[in-house]
1. Going by how many other beta carbons lie within 10 Å of each one, how would you line up 31, 2, fewest first?
2. If the chain between residue 58 and residue 39 were fully stretched, how many nm would it gain, using 0.36 nm times the residue separation less the Cα-Cα distance?
3. Which FRET efficiency value, to the nearest 0.05, is calculated for residue 11 and residue 82 with the Förster distance at 35 angstrom and r the Cβ-Cβ distance?
């Protein structure tokens with residue numbers, strides 16, 4: 001088998017189990033494919049104005065959208081959240097959400113982006129205030 005065939009045939013997704021005592025459950029946090037990561041980034045970007053090609057990450061959407069895409073039931077592998085849950089997710093404990101987002105951000109391949117780091121820093125500050 002060629003290296004190309006080897007790479008294209010592999011399932012390189014990863015999952016980590018995160019204990020969330022505030023919710024009384026463990027959540028399976030799954031990595032994103034490149035296509036899923038790009039869809040996520042599109043869902044949280046917000047135009048900053050002029051020039052029209054400039055965008056920033058919408059902080060209000062970042063956490064809920066990432067949790068919707070990465071949280072799965074560890075027993076059934078079904079997604080935990082639906083798109084309609086975004087508003088309710090934003091009302092959950094910042095400390096609990098931060099714990100899950102720390103793993104989700106890393107597994108989604110988003111940890112190196114300065115804007116993501118800023119959002120994560122803000123979430124951590126909010127969690128520390130709780």
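1. With the fewest neighbours first, 31, 2 line up as 2, 31.
2. Details: separation 19, 0.36 × 19 = 6.84 nm, distance 1.42 nm.
Taking 0.36 nm per residue and subtracting the Cα distance, the gain is 5.4 nm.
3. Once rounded, the FRET efficiency stands at 0.90.
Each reported figure results from applying straightforward, stated rules to the coordinates on display, with no laboratory input. For clarity, every value in this text was computed on a predicted model and none was experimentally measured. Glycine also receives a Cβ, built like all others from the backbone with ideal geometry; neighbour counts cover every protein chain displayed.
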